[in-house]
Structures are given as structure tokens and as C-alpha cells.
Amino acid sequence: MRVRFRIWRQDNARVKGGFRDYEVDGLNEDMSLLEALDHLNEQLVLRDEKVVAFEYDCREGICGQCGVFVNGRAHGPHANMTTCQLHLRSFADGDTITIEPWRAAAFPVIKDLIVDRSAFDRIIRQGGYISAKTGTAPEANAIPVGKEVADRAMDAAACIGCGACVATCKNSSAALFTAAKINHLNTLPQGKPEQHRRVSDMVQQMEEEGFGHCSFTGACEVECPEGISVANIAEMNARYLKAKLFG
Ligand code: FES
């Protein structure tokens with residue numbers, strides 16, 4: 001199988017980037033897109049050219065590190081799929097595959113396809129945890145959690161923090177990510193003691209990071225590989241109002 005990769009190359013956020021085309025042969029449809037990029041990089045090394053920088057960790061759809069635009073869509077053409085799960089069988093022999101980094105002011109390009117998503121880390125630092133005294137872990141069933149509550153918390157907890165929601169949103173809003181992280185913890189009894197502080201501080205940090213406002217277009221839910229619902233954003237807004245009134 002042979003494809004043409006059209007890949008965004010950029011040395012850092014201070015210089016302009018641009019697309020470069022690479023003809024890559026010797027591929028097969030069972031290779032993942034990232035394996036095809038590995039193959040391209042091996043050829044670039046042999047030609048003494050700079051390799052394409054791209055990010056990944058698990059390559060199993062778990063860690064959220066691998067996000068890029070593939071042919072104009074976050075994580076490529078399929079719903080509920082991360083870039084690392086995308087295989088060449090989704091393309092035809094001879095296709096041109098365009099790959100770009102996430103586009104958002106709050107995610108500056110580090111190099112080529114890698115962007116700096118540390119803004120997400122700073123939001124998490126404001127409340128994406130539960131304060132607990134250290135010591136022996138409590139017995140898992142010490143605090144009973146109803147199935148409906150557990151299901152809602154786990155649905156929010158499915159967010160892998162890849163950034164597709166931000167990159168896809170026309171406003172570059174991080175509302176879906178922030179809402180998922182807040183609702184995951186605020187839904188559970190263990191998260192209740194800090195619920196008002198958590199939502200206030202995390203929303204404030206989100207705004208300070210330069211993300212845009214949510215205008216409920218729903219694009220984030222469509223492109224989220226975990227299918228996180230925009231209902232989480234409405235829930236976050238209600239929690240925020242409650243925190244301001246009663247927190
Ligand atoms: S590399 Fe971990 S989700 Fe893709």
C-alpha cells in the first residue's frame with residue numbers, strides 16, 4: 001500500500017509552520033496510522049532528514065496523548081476512536097492523508113504535531129482530586145454508592161484528556177474537559193466536601209488559560225473519542241451557580 005502524507009511541520013510556536021508532502025510505500029492496511037508514521041520516520045532517518053515529531057504513549061486508546069487532525073477531523077474519520085486506533089484500512093491505496101496538530105491558542109505547538117496541553121494539567125491542579133489523609137486505604141465498600149450515581153461518575157471519568165474537544169470547538173472551549181473532571185468527582189460522595197471549591201477554582205483556571213467560551217454547538221461531543229456528553233457542561237454550569245450562591 002502507498003499513501004501520500006501531507007504533514008504539518010513546525011519547529012516551535014515562535015516560527016511559522018507549513019505542510020510538507022511525503023510519498024510512503026511499503027505499507028499495509030493492517031498498520032495503524034502511527035505505525036505508518038514510524039515507517040515514514042525510519043525513511044527520514046535513512047535520508048538524514050528531520051523526523052516528524054508526534055505524541056503517543058499507550059497506543060491503545062487509553063492515555064489521550066496521540067490526538068491530531070486527520071483529514072480535517074479530530075482523531076480521524078471514525079466516531080469514538082483515538083488516532084492510535086486508526087488503521088490504514090480506513091483509507092484507499094494512493095490516498096492523501098493530511099495530518100495537523102490541534103489548533104487552539106491555549107495549546108501552542110511544541111513541534112510538528114505535538115502541542116503543549118499543560119493548560120489541562122493546571123485545571124486539574126485546581127481541584128481534580130479528593131483531599132484525603134494519607135494512611136491505609138479505606139475499605140472499598142465503606143461508603144456505598146448507588147449504581148445510577150456510580151454510572152454517571154464513571155461516564156464523566158471516561159474523559160482521557162486528549163484535547164479533541166478544544167481543538168474541534170470553534171471557540172476553543174475547554175468546557176467539556178473541565179465539566180467531565182468536575183462532575184466525575186462532584187457526583188461521588190467522596191467528592192462532596194470540596195464540591196463548591198472544586199467547581200469554582202477549576203472553572204476560574206479554565207478561563208485564565210485563554211480557552212474560549214462554550215456556545216453549545218455540540219461539536220465537542222461529536223468528536224470526543226469517549227463520547228462524553230455535552231450534558232456534562234450544563235451540569236457544570238448548574239454546579240457553578242450553586243457554588244456561587246451557597247458555597
Ligand atoms: S496513544 Fe494513548 S490514546 Fe492514543
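Just so it is clear, none of the values below were taken in a lab; they were calculated from the coordinates. In this text, all values refer to a predicted model and were calculated from it rather than measured experimentally. Because the Cβ atoms are built from the backbone with ideal geometry, glycine has one as well, and the counts that use them run over all protein chains shown.
Details
- Positive-pole candidate from Pro144, Ala174, Cys159, dipole of region 118-246, charges at beta carbon: Pro144
- Dipole magnitude (debye, nearest 20) for the chain, charges at Cβ of Lys, Arg, Asp, Glu: 1040 debye
- Net dipole in debye of region 3-110 [+1 Lys, Arg Cβ; -1 Asp, Glu Cβ; about Cα centre; nearest 20]: 620 debye
- FRET efficiency, Glu29 to Lys50 (Cβ-Cβ, R0 45 Å, nearest 0.05): 0.95
- Ranked by how many other Cβ atoms sit within 10 Å of their own Cβ, fewest first, the residues Thr168, Thr82, Thr178 fall in the order Thr168, Thr82, Thr178.
- Acute angle (nearest 10 degrees) that the helix 231-246 long axis makes with the longest principal axis of the chain, alpha-carbon atoms: 40 degrees
- Zone of Asn71's modelled label, taken as backbone nitrogen in region 33-54 under 18 Å from a point 7 Å along Cα→Cβ: 33-37
- Cys with no candidate disulfide partner in the chain (beta-carbon separation under 4.7 Å rule): Cys159, Cys162, Cys169, Cys214, Cys224
- Each part gets one Cα centre, and for region 20-69 versus region 94-117 those centres are 13 Å apart.
- As a rough guide to protection, the peptides 43-51, 93-101 ranked by mean Cβ packing within 10 Å, highest first, stand as 93-101, 43-51.
- For the chain: rounded, prolate or oblate by the Cα gyration tensor [a/c cutoff 1.5]: prolate
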